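S.K.: Got a structure for you, questions after.
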Amino acid sequence: MAAAGIASSLLLLSLLLAMPGIAPMASAQESGGEFLDYPGTALRGSASAEFRRPLDDCRKICQERSGCAGFDHSSVTNLCRLFPAVASAQSDPLSTGGARQKIPGYRDPANAESWYYASFNGVDLWGGDIVTKGLDAPNAESCSALCDSRTSCRAFTYNQEVNRCFLKSGFDFVQSYPLGRSGLYFKAKPSAPPPTLNADWELFTTSGLIGNSMESAAISYQECMQQCNSDGGCGGFTWVTVRPNRCFLVNGTNLYPVRRKGMTSARKNSRTVTPDFVRAVAPRD
């Protein structure tokens, strides 16, 4: 075919796909992978095969065939139908359907990813701040509401010590902090377990660590932490915020903090944090 003919064909295809009301079929892909589940559903389209087998066998056969885009199974007749493409579907309480892709113009699959919110107590999410110095907020609930009102906000930490709310587009690492309340928005399938956070550091605000210390050339809190983390003998660090900023790496394992203005410290103390609760929320994308 001439180059001009190929270009014309591609242009026509792009125009058709862009027209309102015209949606592509869910077509066959490679074998394997998880199906999207559509309980109470019969598929519409031309079946490539029909036979009587149990539901689990029907699903497995379609899953193992690279040319199978979807299937449905009748609980009354035990009839399994395989489809090379899925144009649409209809409700049928006696049938179960499955497809490799979402069915155009039909309801969401039962196992589709949805948005959730998880609440964590006693942790600080570091990094990703939308407003560097945070916002005033009277309590953690107000901070949560501020994050919820912005779809760009994916997480937050509320510092109860200074009543500051830090809205975040994401975060770099997690610190244990008794006066921290945090929230996290995430997408997951209904069957997924609740998310957990790995807090590898214990944060002490307005405090310095007592012990055998050595000054480092680190120029930021995060770099100070990274240098301590890469040093097997370093049990924690103190970041001095009085100008000029200074980093002190502290050796040992039995480190304890003392109150000091202009200092922030953290010591190695790994723990897994589970959420206080998880709830479904409206889509945020």
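S.K.: For the charge dipole of the chain, defined by +1 on Lys and Arg C-beta atoms and -1 on Asp and Glu C-beta atoms about the Cα centroid, which residue among 218, 63, 263 has the Cα displaced farthest towards the positive pole?
M.R.: Final value for the positive-end residue is 263.
S.K.: Rounded to whole Hz and in sequence order, give me ³J(HN,Hα) for the range 37-43 from the Karplus expression 6.51 cos²θ - 1.76 cosθ + 1.60, θ = phi - 60°, writing x for Gly and Pro.
M.R.: Using θ = phi - 60°, the values come out as 8, 10, x, x, 9, 10, 7 Hz.
S.K.: Tell me, what is the percent relative contact order of the chain, built from C-alpha pairs under 8 Å that lie six or more residues apart?
M.R.: Rounded, it is 16 percent for the chain.
S.K.: Just to verify a number: FRET efficiency for residue 133 and residue 254, C-beta to C-beta distance, R0 = 30 Å, to 0.05?
M.R.: 0.30
S.K.: Rounded to the nearest 0.05, what FRET efficiency do residue 79 and residue 102 give with R0 = 30 Å and r taken as the Cβ-Cβ distance? Could you check?
M.R.: So the FRET efficiency works out to roughly 0.80.
S.K.: Can you list residues from other chains, or at least 5 along the same chain, whose modelled amide H is less than 5 Å from the amide H of residue 53?
M.R.: Counting only residues 5 or more places away or on other chains, the set is 80.
S.K.: Right, here's the next one. Quick one: putting +1 on the C-beta of Lys and Arg, -1 on the C-beta of Asp and Glu, what dipole do you get for the range 201-270 around its Cα centre, in Debye to the nearest 20?
M.R.: 300
S.K.: Then there is this: Run the numbers for residue 261 and residue 282: contour at 0.36 nm per residue of separation, minus the present Cα-Cα distance, in nm.
M.R.: 3.3 nm
S.K.: Quick check for me: using +1 on Lys/Arg Cβ and -1 on Asp/Glu Cβ, what's the dipole size of the chain about its Cα centre, in debye to the nearest 20?
M.R.: Magnitude of the dipole: close to 320 debye.
S.K.: Something else now. Compute the long axis of helix 55-64 from its Cα atoms, compare it with the longest principal axis of the Cα atoms of the chain, and write down the angle in degrees, 0 to 90, nearest 10.
M.R.: 80
S.K.: Right, another one. Pairing rule first: another cysteine's C-beta must sit under 4.7 Å. Under that rule, which cysteines of the chain stay single?
M.R.: That list is empty.
S.K.: For the range 142-220, give the magnitude of the charge dipole about the Cα centre (Cβ charges: +1 Lys/Arg, -1 Asp/Glu; no others), in debye to the nearest 20.
M.R.: 500
S.K.: Using only alpha-carbon positions, what ratio does the radius of gyration of the range 95-185 give when scaled by 2.2 N^0.38 Å?
M.R.: Normalised by 2.2 N^0.38 Å, the Cα Rg of the range 95-185 equals 1.40.
S.K.: Rounded to whole Hz and in sequence order, give me ³J(HN,Hα) for the range 239-253 from the Karplus expression 6.51 cos²θ - 1.76 cosθ + 1.60, θ = phi - 60°, writing x for Gly and Pro.
M.R.: Using θ = phi - 60°, the values come out as 10, 8, 8, 6, 4, x, 4, 9, 10, 10, 8, 10, 7, x, 10 Hz.
S.K.: What FRET efficiency comes out for residue 44 versus residue 191 if R0 is 30 angstrom and r is the Cβ-Cβ distance? Round to the nearest 0.05.
M.R.: FRET efficiency, residue 44 to residue 191: 0.65.
S.K.: Same structure again: Between 0 and 90 degrees, rounded to the nearest ten: what's the tilt of helix 3-18 against the longest Cα principal axis of the chain?
M.R.: For helix 3-18, the angle is close to 80 degrees.
S.K.: What whole number of Å gives the distance from the Cα centroid of the range 40-114 to the Cα centroid of the range 174-242?
M.R.: 48
S.K.: Taking neighbour Cβ counts within 10 Å as the exposure measure, how do 132, 77, 41 sort from fewest upward?
M.R.: 132, 77, 41
All of the numbers you see were taken from the coordinates with simple rules; none came from a lab. Keep in mind it's a predicted model, so treat the numbers as computed, not measured. Cβ: placed from backbone, ideal geometry, glycine included. Neighbour counts: every protein chain shown.
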